[in-house]
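This report refers to the structure that appears directly beneath it.
The values are calculated or read from the model by the stated rules, or taken from the named source; none is laboratory data. Treat the numbers as computed from the prediction; the structure is a model and nothing was measured. Virtual Cβ from ideal backbone geometry, glycine too; neighbours counted across all protein chains shown. In case anyone asks, the SASA skips ligands and DNA or RNA and just uses the protein heavy atoms, side chains included. Shrake-Rupley method; radii C 1.70, N 1.55, O 1.52, S 1.80 Å.
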Amino acid sequence: MSAADAPTRKPAPAGEAGDERLLHRSLARRLMGRPELGSVVGALAVFVFFSLVAEPFLRPASLSTILYASSTIGIMAVPVALLMIGGEFDLSAGVMVVSSALVSSMFSYQMTANTWVGVGVSLLVTLCFGVLNGVLLTRTRLPSFVITLGTFFMLTGLNLGFTKLIGGTVSTKSISDMEGFASGRAVFASHLTVGGVDIQITIVWWLALVALATWILLRTRAGNWIFAVGGNADAARAVGVPVTRTRIGLYMGVAFCAWISGQHLLFSYDAIQSGDGVGNEFLYIIAAAVGGCLMTGGFGSAIGAAVGAFIFGMASKGIVYAQWNPDWYKFFLGAMLLLATLLNAWVRKRAEAAT
């Protein structure tokens with residue numbers, strides 16, 4: 001058969017063969033691939049539910065309170081989400097917040113220094129906690145659950161031991177009359193008035209951190225590293241991803257946000273109880289999990305973690321506005337964790353099947 005007699009083939013239309021990047025994906029498929037999908041649906045359901053059963057829920061002042069409660073969880077849920085995407089956990093995050101506040105308060109009081117000096121020292125010390133977690137994880141190759149459980153107990157003991165050793169009690173002394181306290185409160189614990197409604201500054205911190213984390217995940221090389229390390233650390237290392245630096249950086253991110261939360265705690269209440277913070281680490285992990293972060297790593301988003309925190313903010317205050325027994329809040333946390341984990345697994349399977 002000559003070349004002239006050979007049957008001609010029509011070129012495959014774009015999207016039917018060749019480069020799969022040219023494939024057209026419907027809006028429904030794109031939405032199914034988003035890790036925030038389940039949390040957004042859950043947030044809408046919780047919002048509608050409490051709007052119907054709790055009359056004060058929709059008042060502007062109530063919504064402001066809900067956003068504040070969400071931000072206190074959300075500030076920490078954001079870095080914890082990035083850490084979970086990277087395939088790790090941090091069980092010391094809750095007590096680290098209190099450690100940060102204690103260092104600021106006790107250093108400022110004992111040294112009779114400007115409170116900003118204590119704030120700066122606290123930042124350095126708290127970042128060292130994050131580095132410690134990251135280095136122990138990468139050097140020992142132990143699971144992050146074991147490493148951070150150990151630092152959780154260490155920090156819990158240090159918080160109580162140093163507070164009693166230095167101050168003689170389980171709480172810190174007041175520093176509200178010290179130089180720099182007013183400006184520190186303005187940065188970490190002030191509020192803005194918008195339309196006659198008070199908006200706490202932590203909401204601004206929260207939204208800024210969500211925007212920053214989202215930019216890192218979706219627009220930077222570091223974001224690619226985080227997903228790669230969480231998906232398969234060995235494969236990521238084989239293609240040149242700095243796995244060790246990425247993990248240490250993620251733990252430092254948790255420590256930095258713990259510092260922000262700790263300073264808010266200090267400048268809001270002045271005196272700090274050394275035993276606070278225990279158990280809050282589970283709130284941060286649950287918020288991230290509800291927001292679409294898989295426990296196995298490699299999948300999730302900062303926006304989803306923010307929505308997860310908002311769900312718990314609505315639940316904690318909605319139960320109060322509905323005049324229910326607040327003990328049901330813990331039941332709600334457990335139920336949401338199980339439902340979110342099942343929903344996220346289902347969404348990911350559908351997304352993988354659609355690609």
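Just one residue in the set Leu91, Leu67 is more than 18 Å from Phe267 (Cβ to Cβ), touching a residue at least 24 places away in the same chain (Cβ under 8 Å) and in contact with an Asp or Glu (Cβ under 7 Å, 6 or more places away or on another chain); that residue is Leu91.
Evaluate the following for Arg59: is it modelled with pLDDT of 60 or more, within 26 Å of the chain's Cα centre (by Cα) and basic (Lys, Arg)? Here the answer is no, as Arg59 does not meet what is asked. No other residue among Met252, Met295 is assigned to a loop (DSSP other than H, G, I, E, B) and either modelled with pLDDT of 90 or more or open to solvent by 10 Å² or more (accessible area, probe 1.4 Å) (or both) apart from Met295.
Okay, residues lined up against (1) more than 26 Å from Gly231 (Cα to Cα); (2) out of contact with any Ser or Thr (no Cβ under 7 Å at 6 or more places or on another chain); (3) of a type outside the set (D, E, K, R):
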position: Phe49; (1), (2), (3): yes, yes, yes
position: Pro60; (1), (2), (3): yes, yes, yes
position: Ala69; (1), (2), (3): yes, no, yes
position: Gly74; (1), (2), (3): no, yes, yes
position: Leu83; (1), (2), (3): no, yes, yes
position: Met96; (1), (2), (3): yes, no, yes
position: Thr112; (1), (2), (3): yes, yes, yes
position: Val121; (1), (2), (3): yes, yes, yes
position: Val125; (1), (2), (3): yes, yes, yes
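Quick check on my filter: what residues within the range 107-127 are open to solvent by 30 Å² or more (accessible area, probe 1.4 Å) and either among the β-branched types (Val, Ile, Thr) or in contact (Cβ under 8 Å) with a residue 24 or more places away in the chain (or both)? Hits for the range 107-127 are Tyr109, Gln110, Thr112, Asn114, Trp116, Val117, Val121, Leu123, Val125, Leu127. Applying a threshold of 7 Å to beta carbon distances and a minimum spacing of six or more residues, or different chains, the list of pairs starting in the range 190-206 at a residue that is under 23 Å from Ser261 (Cβ atoms) and of a type outside the set (D, E, K, R) and ending at one that is part of a loop (DSSP other than H, G, I, E, B) and open to solvent by less than 70 Å² (accessible area, probe 1.4 Å) reads Ile201/Ala189; Ile201/Ser190.
Listed here are the residues, each with its yes/no results for (1) at pLDDT 75 or above; (2) of a type in the set (Ser, Thr, Tyr); (3) open to solvent by less than 60 Å² (accessible area, probe 1.4 Å); (4) over 27 Å from the mean Cα position of the chain (by Cα).
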site	(1), (2), (3), (4)
Gly15	no, no, yes, yes
Gly33	no, no, yes, no
Ser39	yes, yes, yes, no
Met84	yes, no, yes, no
Ala101	yes, no, yes, no
Ser104	yes, yes, yes, no
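Filtering the range 86-99 to residues that are closer than 16 Å to Gly262 by Cβ and open to solvent by 10 Å² or more (accessible area, probe 1.4 Å) leaves only Val97. Under the condition of being in contact with a Gly (Cβ under 6 Å, 6 or more places away or on another chain), over 18 Å from Gly308 (Cα atoms) and assigned to a helix (DSSP H, G or I), the residues counted in the range 58-97 number 2.
Can you confirm whether Ile303 is open to solvent by 20 Å² or more (accessible area, probe 1.4 Å) and of a type in the set (A, V, I, L, M)? Yes, satisfied.
Being in a strand (DSSP E or B) and either loosely packed, with under 14 Cβ neighbours inside 10 Å or of a type in the set (Gly, Ala, Ser) (or both): is that true of Leu212 here? In short, no. For the range 279-292, taking the residues that are farther than 17 Å from Ser144 by Cβ and of a type in the set (Gly, Ala, Ser), the one that is most open to solvent (accessible area, probe 1.4 Å) is identified as Gly279. Cβ-Cβ contacts under 9 Å between residues 6 or more apart (or on different chains), taken from a first residue in the range 318-340 that is open to solvent by 30 Å² or more (accessible area, probe 1.4 Å) to a second residue that is part of a loop (DSSP other than H, G, I, E, B), are listed as Val320/Ala54; Val320/Pro326; Tyr321/Ala54; Tyr321/Arg59; Gln323/Ala54; Trp324/Ala54. Where residues in the range 136-148 are under 21 Å from the mean Cα position of the chain (by Cα) and surrounded by 15 or more Cβ atoms within 10 Å (Cβ to Cβ), which of them is nearest to Gly87 (Cα to Cα)? This residue is Ser144. Going by the structure shown, is Lys164 at negative phi, touching a residue at least 12 places away in the same chain (Cβ under 8 Å), in contact with a Ser or Thr (Cβ under 8 Å, 6 or more places away or on another chain) and not in a helix (DSSP H, G or I)? Criteria not met by Lys164. State which residue is surrounded by the fewest Cβ atoms within 10 Å (Cβ to Cβ) when the search covers only the range 256-278 and only residues that are more than 19 Å from Trp116 (Cβ to Cβ) and touching a Gly at 6+ places or on another chain (Cβ under 8 Å). Here the residue is Val278.
Screening the candidates Arg185, Arg221 for the property of being more than 25 Å from Ser62 (Cα to Cα) and open to solvent by 60 Å² or more (accessible area, probe 1.4 Å) yields one hit, Arg221.
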